[in-house]
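The values are calculated or read from the model by the stated rules, or taken from the named source; none is laboratory data. Keep in mind the model is a prediction, meaning the values are calculated, not measured. FYI the Cβ positions are ideal-geometry reconstructions off the backbone, even for glycines, and counts take in every protein chain you see.
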């Protein structure tokens, strides 16, 4: 499979920024959005457990309700597609069983061949020390999906803005998540930058590679 050139990749990453002003009149085409949804599905996660769910909020009234819980940021209502990334509250033996079952089916093998893998998940995430901080572990996986979505969007010429400036409890209440296995982790607005957004032309500020990358 032919890949991108290094120059194309870096130019794309330099082009992207966290959009502050979206063009509310410009929608992401259906084929591009379908690809971006699939990029979320294809995101990697620890053990392959996929402890997440992605809410694509398009209802204008629901977005209007979320905006005050988002520090009144206009991206919530003005973007083309609003993605609320959810994390699982817990990881249970049933979650490990489900992954083993689906893996065995997809790969045409007996589930018993994956017993060791299932026990590893059980000892680590269900019974082990990380079970006590499983929400943090699950949120970390969600952020992998967030990064994947943002990079894939940029490669398709779609703008994004990751948003942590919001109230998770209010989101959970508004989105009726309080009695579900999921909690809000982070939000990503997707669409196209407005020509009035001054941040589009500002220099990108990053520390030099010599300070943040060390070779040993």
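Could you list, in sequence order, the residues of region 90-110 that are exposed (fewer than 15 other Cβ atoms within 10 Å of the Cβ) and either in contact with a strand residue (DSSP E or B) (Cβ under 7 Å, 6 or more places away or on another chain) or over 21 Å from residue 132 (Cβ atoms) (or both)?
97, 98, 101, 102, 105, 106, 107, 108, 109, 110 - these are the residues of region 90-110 that are exposed (fewer than 15 other Cβ atoms within 10 Å of the Cβ) and either in contact with a strand residue (DSSP E or B) (Cβ under 7 Å, 6 or more places away or on another chain) or over 21 Å from residue 132 (Cβ atoms) (or both).
Given the residues 123, 206, 173, 216, which is the only one that is within 21 Å of residue 71 (Cα to Cα), surrounded by fewer than 18 Cβ atoms within 10 Å (Cβ to Cβ) and free of Cβ contacts under 8 Å to residues at least 12 places away in the same chain? Outline the logic, then answer.
Values: 123 fails: within 21 Å of residue 71 (Cα to Cα); 206 fails: within 21 Å of residue 71 (Cα to Cα); 216 fails: within 21 Å of residue 71 (Cα to Cα).
The match here is 173.
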Residue match in region 138-149 (condition: surrounded by 16 or more Cβ atoms within 10 Å (Cβ to Cβ), under 24 Å from residue 24 (Cβ atoms), within 16 Å of the chain's Cα centre (by Cα) and at pLDDT 95 or above): yes
